[in-house]
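Trainee: Pasting a structure here, questions to come.
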Amino acid sequence: MKKETKVNVKKNKKSNSKIKQILLKHRKFFVMLILACILIYILQLMIQLFQNPTDTFLVEQGKIYQEESAVGYIIRDETVIKGENYKNGMSQIKTEGERVAKGEPIFRYYSNGEENLIKKIQELDEKIDVAMEGEKELKELYPGDIKALEDQITDRLDMIYQESDLIKIQEYKKDINNYITKKAKIAGEYSPVGSYLKKLVDERKEYENKLNEGAEYLESPISGMVSYRVDGYEEILKPGDFKYITKDFLEGLNLKTGQIIAANEESGKVIDNYECYIATAIRTKYAKDAKIGTRVKLRLPSGNEIPAEIAYIADEGNNQYVIVFEIERCVEELISYRKISFQIIWWSDTGKKIPNSAIVTEQKGDKQVSYVIRLRAGYQDKILIQVLRSNERYSIVKNYTTEDLEELGYTSNDDVYKRRLTLYDEILKSP
């Protein structure tokens, strides 16, 4: 019996040892399982934090827009100027974009054989100088007069090189001719070389007359801005009665957006630099509500935002509208283009800017009331707000006045009555 008892005790000890081992394995399994669950939970939190790093927003003073992109066609009051000798090529007197008054010369056409005439005049000038320099007797008889004339000629030549005004250049050339003639007269009266000099001066005048007679100067018929970018649409896209502008008409022009108009060597034009127009065909709900005289802003390709006014609007059906905007600023930016991409800013507003996702509504009697959840010192507070203006992402809001709150049915006993949203408050994005 004693032996059997000892055997049973040994068996029980082995059995208990196995049970303990099994329990220990299960305990490890459960611990590992719990740790795995904790790790998965932490991983999920990290993924959520990465995808949405913060679910709060700091209230700031901001600006929101309602804008849309469009393609516009430039319409200007343009007067094309072209003379008879356009095949000879031109010399610009006024540069691209320069303002000009009525009657001022803009450019001139080269005369026939101008290059050859200029070369002959230069050769004669050299011969006259050589002849005058070689006449020592003349300089000895009248050194003061000759020196003064030579100084005046040099002075006028320097002025010509520095001057861009055509009228003044012509005056300086006339002065130089007079000084040369005086030198020739002195030489002719007191020196044997005089007859030779007189012949040279007369020959020079003859060539200069041919040069001036052959040149054709083009003057501005109006005041405005000069351009040599003539594209042939000056008489097609004209301001005035815009009824001719339709979506099909604009698309039929086959113009490339943003293409720079090439300058030419045959003609120029003067542009009314006080105003121009941008025509566009768009599908938008904002165009439906627009009226002639409505003020908006346009953002040009340069990034400049300028005020504009709707000068013409036509409903072509199927939510298709043709709108012509009138602008009076940055007109000079557009002289190189006929078709551009731009943005229409239908409205803009400034104030307390918050994301639309932070705004919650609740029913108060028969009215909808908006509010946000503010976080402050670990506490959450409901703040009533008025939504003034919204676009797709953000809203401009303000606080209710006490009178507004009382009209809505709130009293001083309500928690929200005295709470106000202030700048730099932290609010929940998606409460």
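Trainee: Just the residues that are assigned to a strand (DSSP E or B) and farther than 17 Å from residue 245 by Cβ, please, taken from segment 299-316.
Mentor: Within segment 299-316, 299, 305, 306, 307 qualify.
Trainee: Give the residues of segment 353-374 that are loosely packed, with under 14 Cβ neighbours inside 10 Å and over 20 Å from residue 404 (Cβ atoms), sorted by residue number.
Mentor: Across segment 353-374, the qualifying residue is only 356.
Results for (1) at pLDDT 95 or above; (2) among the polar types (S, T, N, Q), shown as yes or no for each residue.
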residue: 282; (1), (2): no, no
residue: 288; (1), (2): no, no
residue: 301; (1), (2): no, no
residue: 306; (1), (2): no, no
residue: 320; (1), (2): no, yes
residue: 325; (1), (2): yes, no
residue: 328; (1), (2): no, no
residue: 347; (1), (2): no, no
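Trainee: Would you kindly identify the strands (runs of 3 or more DSSP E) lying entirely within segment 54-102 that contain at least 2 residues that are among the aromatic types (Phe, Trp, Tyr)?
Mentor: Hits in segment 54-102: 60-75.
Trainee: Taking the condition surrounded by 18 or more Cβ atoms within 10 Å (Cβ to Cβ), outside the structural domain of residue 337 (by TED's automatic domain parsing) and at pLDDT below 75, does residue 146 pass?
Mentor: Considered against the rule, which asks whether it is surrounded by 18 or more Cβ atoms within 10 Å (Cβ to Cβ), outside the structural domain of residue 337 (by TED's automatic domain parsing) and at pLDDT below 75, residue 146 comes out as yes.
Trainee: Looking only at segment 376-391, how many residues end up being in contact (Cβ under 8 Å) with a residue 24 or more places away in the chain and under 40 Å from the mean Cα position of the chain (by Cα)?
Mentor: 6
Trainee: Report whether or not residue 79 is modelled with pLDDT under 75 and β-branched (Val, Ile, Thr).
Mentor: Criteria not met by residue 79.
Trainee: Enumerate the pairs (first residue in segment 350-375 and in the same structural domain as residue 416 (by TED's automatic domain parsing); second residue anywhere and assigned to a loop (DSSP other than H, G, I, E, B) and among the aromatic types (Phe, Trp, Tyr)) with beta-carbon separation below 8 Å, excluding pairs fewer than 6 apart on the same chain, so at least 6 apart or on different chains.
Mentor: Taking only residues 6 or more apart or on different chains, the pairs are 364/410.
Trainee: While we're looking at this one, here's another question. With segment 317-400 as the region, which strands (runs of 3 or more DSSP E) entirely inside it contain at least 3 residues that are polar (S, T, N, Q) and over 24 Å from residue 415 (Cα atoms)?
Mentor: 339-355
Trainee: If you go through segment 265-284, how many residues are surrounded by fewer than 18 Cβ atoms within 10 Å (Cβ to Cβ), within 25 Å of the chain's Cα centre (by Cα) and farther than 16 Å from residue 331 by Cβ?
Mentor: Number of matching residues: 2.
Trainee: Something else now. Just to be sure, is residue 420 assigned to a loop (DSSP other than H, G, I, E, B) and over 30 Å from residue 72 (Cβ atoms)?
Mentor: yes
Trainee: If you go through segment 402-431 one residue at a time, how many are in contact (Cβ under 8 Å) with a residue 60 or more places away in the chain and among the charged types (D, E, K, R)?
Mentor: Count: 3.
The values are calculated or read from the model by the stated rules, or taken from the named source; none is laboratory data. Just so it is clear, the model here is predicted, and its values are computed rather than measured. FYI the Cβ positions are ideal-geometry reconstructions off the backbone, even for glycines, and counts take in every protein chain you see.
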